[in-house]
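A short write-up of the structure that comes next.
The values are calculated or read from the model by the stated rules, or taken from the named source; none is laboratory data. All values reported here derive from a predicted model rather than from experimental measurement. Every residue, glycine as well, gets a Cβ built from its backbone with ideal geometry; the counts of neighbours run over all protein chains shown.
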Amino acid sequence: MKTMGLTKIVEKGTMHAGGKYIQLQGTESQQVLELNYYPPGTKYYEEYDEGSELDHIAFWSQNVPEDYKKLLKAGATPAIPPWNEGRFTLAFVQDPDGIWIELIGKKLKPTTTKERQ
């Protein structure tokens, strides 16, 4: 999550039923992302089934192609390279656990004459 700018730990702890949680916040937003799980032996524990527990997580990006490159450099696996769809640019990578991460942002305006054609 640090690669996506979520560097500040707002709070972390143990829930009443034994689950663990951590709340993360970015440096440029007041939004908070909470991640939680229930370890083995807790009331709500479920065995992890890779790929079916979480479809994907999406992050808004100011520059999808640049953030895509940044994630690949940080160890993500390319899934779907950046493409334009309507007014948006999107891309997908997979984190080291196989979780899909979506990047979505406004389509960038062309910067060269060739790109405008």
- Task: Would you check which residues across the range 35-58 are more than 24 Å from Gly18 (Cα to Cα) and either loosely packed, with under 11 Cβ neighbours inside 10 Å or in contact with a Leu (Cβ under 6 Å, 6 or more places away or on another chain) (or both) and list them?
- Result: Asp55
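State which residue is nearest to Glu46 (Cα to Cα) when the search covers only the range 1-27 and only residues that are aliphatic (A, V, I, L, M) and in a loop (DSSP other than H, G, I, E, B).
Here the answer is Ala17.
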- Message: Just the residues that are of a type outside the set (A, V, I, L, M) and at pLDDT 80 or above, please, taken from the range 35-55.
- Response: Asn36, Tyr37, Tyr38, Pro39, Pro40, Gly41, Thr42, Lys43, Tyr44, Tyr45, Glu46, Glu47
- Item | Within the range 3-34, considering residues that are among the small types (Gly, Ala, Ser), closer than 28 Å to Gly105 by Cα and surrounded by 14 or more Cβ atoms within 10 Å (Cβ to Cβ), the one modelled with the lowest pLDDT | Gly5
- Message: Please verify whether Tyr38 is of a type in the set (Phe, Trp, Tyr) and out of contact with any strand residue (DSSP E or B) (no Cβ under 6 Å at 6 or more places or on another chain), treating the condition exactly as stated.
- Response: yes
